[in-house]
């Protein structure tokens with residue numbers, strides 16, 4: 001581990017430079033590139049690569065890091081703080097100890113979060129041993145350090161005495177003290193030092209754990225086994241009957257537009273799309289469980305397969321019903337991030353049904369791998385879909401058609417939708433909307449000072465468009 005300590009120190013310092021007191025932008029890419037290079041070098045040097053395909057997790061990790069540079073998303077900037085570390089843990093698992101058993105993946109995931117803590121002491125010992133083996137400090141350097149230790153307190157004492165003796169000199173000295181106070185140099189120093197140590201110990205202890213403990217851990221078989229097929233078979237058949245009745249109502253009401261005269265169509269559509277989405281996920285889980293029955297006879301297996309396929313078809317109708325409900329509700333009440341994410345979740349469920357069908361007829365099919373690839377790909381794609389921009393575009397288009405808009409949903413203090421809001425500001429004739437946007441756009445304009453670590457393409461474009469915003473405001477006021 002000793003040969004990696006210098007790299008860990010440099011990487012931890014680099015983390016402090018990039019992220020301490022800064023918003024994430026270009027810094028995400030600048031940190032992730034050396035981080036992934038170090039991980040690959042560590043894996044190769046320690047001969048931990050037992051599955052090269054596990055390193056493919058680096059692709060979505062890198063893409064999600066790049067999204068911080070391109071977009072200024074309301075949701076994903078925070079969510080990726082969890083997703084990127086999760087993908088890194090999955091990369092460790094599938095590279096060092098590849099497994100597609102869900103129980104083992106969960107078990108390894110939990111271990112990789114908590115057990116490296118026990119290796120912090122070992123890592124500190126490695127650091128001590130590394131410094132013991134380094135070249136001894138020269139006599140000349142020792143003399144300089146010794147001199148500084150003696151000189152410093154004397155200089156401080158003399159400065160204090162001279163400051164008390166002369167008001168002008170005291171003023172100069174006070175200016176220097178106040179300068180450092182304004183910088184808040186001590187608080188900043190301690191906060192950055194604390195961040196440096198946390199990053200250093202997290203990465204170092206994790207590498208120690210991966211090298212010395214994780215590869216030797218034996219995972220207990222936590223896969224699910226069902227001995228009795230009767231309960232599960234009966235459950236699937238009963239649910240299929242319920243879903244046939246329910247889907248018939250959905251086809252009649254939502255797809256054929258037949259509802260009772262005393263029921264508002266939009267209000268009817270508003271009810272139940274989250275519940276239906278949950279039901280569809282439960283159905284997929286039940287189908288997967290149906291293939292975990294031990295020693296099932298051919299007749300029962302055939303009944304379960306047919307019932308499972310029927311459940312897939314009925315689940316698809318439920319998903320379509322939920323999709324239509326959400327669409328009708330959005331047309332009536334507008335578009336939000338949550339409502340758009342429901343669409344994405346439903347589409348993802350439809351995609352997941354395809355490998356599910358294959359799994360029903362072929363239980364040896366690697367369903368966990370297929371689900372994982374689909375979910376990671378969908379999540380990575382939607383990071384680049386610019387959802388805030390799409391939401392603003394759809395709401396503004398709806399406004400031009402219906403004169404209805406809720407500006408609150410568009411004012412999220414991120415910049416992806418700023419070009420559209422400027423267009424709305426310039427084209428709207430509603431004084432209330434103009435005044436609301438005037439306050440909001442001005443607040444965004446006044447918050448444009450970014451350091452190089454925080455560079456972001458979306459923010460750069462937005463601030464460029466807002467550059468002449470005040471002049472446009474004056475012209476707008478004259479015009480109205």
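The figures follow:
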item: Criterion: more than 28 Å from residue 76 (Cβ to Cβ) and touching a helix residue (DSSP H, G or I) at 6+ places or on another chain (Cβ under 9 Å) - qualifying residue of 55, 48; result: 48
item: Residue under evaluation residue 268, criteria (1) modelled with pLDDT under 55; (2) not in a helix (DSSP H, G or I), criterion not met; result: (2)
item: Test for residue 100: is it touching a helix residue (DSSP H, G or I) at 6+ places or on another chain (Cβ under 7 Å), at pLDDT below 90 and under 29 Å from residue 367 (Cα atoms); result: yes
item: Any hit, segment 65-72, residues being surrounded by 15 or more Cβ atoms within 10 Å (Cβ to Cβ), under 10 Å from the mean Cα position of the chain (by Cα) and not assigned by TED's automatic domain parsing to the domain that holds residue 457; result: yes
item: Where residue 348 falls short, out of the listed (1) part of a helix (DSSP H, G or I); (2) in contact (Cβ under 8 Å) with a residue 60 or more places away in the chain; (3) closer than 23 Å to residue 381 by Cα; result: (2)
item: Restricting segment 450-480 to residues that are farther than 12 Å from residue 422 by Cβ and not in a helix (DSSP H, G or I), the residue that is modelled with the lowest pLDDT; result: 480
item: Check on residue 418, touching a helix residue (DSSP H, G or I) at 6+ places or on another chain (Cβ under 7 Å) and modelled with pLDDT of 85 or more; result: yes
item: Verdict on residue 423 being modelled with pLDDT of 85 or more and outside the structural domain of residue 346 (by TED's automatic domain parsing); result: yes
item: Segment 404-432, residues that are closer than 17 Å to residue 391 by Cα and not in a loop (DSSP other than H, G, I, E, B); result: 407, 408, 409, 410, 418, 419, 420, 421, 422, 423, 424, 425
item: Matching residues in segment 25-47 - criterion: being surrounded by fewer than 20 Cβ atoms within 10 Å (Cβ to Cβ), in contact (Cβ under 8 Å) with a residue 12 or more places away in the chain and not in a helix (DSSP H, G or I); result: 46
item: Candidates 360, 373 - the one that is without any contact (Cβ under 8 Å) to a residue 12 or more places away in the chain, closer than 22 Å to residue 103 by Cβ and part of a helix (DSSP H, G or I); result: 373
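Results for (1) at pLDDT below 70; (2) not in a helix (DSSP H, G or I); (3) not assigned by TED's automatic domain parsing to the domain that holds residue 98, shown as yes or no for each residue.
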| position | (1), (2), (3) |
| --- | --- |
| 204 | no, no, no |
| 208 | no, no, no |
| 221 | yes, yes, yes |
| 224 | yes, yes, yes |
| 235 | no, no, yes |
| 241 | no, no, yes |
| 244 | no, no, yes |
| 247 | no, no, yes |
| 250 | no, no, yes |
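For every residue, the table says whether it meets (1) within 30 Å of the chain's Cα centre (by Cα); (2) at pLDDT below 90; (3) surrounded by 19 or more Cβ atoms within 10 Å (Cβ to Cβ).
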site: 298; (1), (2), (3): no, yes, no
site: 322; (1), (2), (3): yes, yes, yes
site: 341; (1), (2), (3): yes, yes, no
site: 355; (1), (2), (3): yes, no, no
site: 371; (1), (2), (3): yes, no, yes
site: 397; (1), (2), (3): yes, yes, no
site: 400; (1), (2), (3): no, yes, no
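The values are calculated or read from the model by the stated rules, or taken from the named source; none is laboratory data. Quick caveat: nothing in here was measured; it's all calculated off a predicted structure. All Cβ positions, glycine included, derive from the backbone under ideal geometry; neighbour counts span all protein chains shown.
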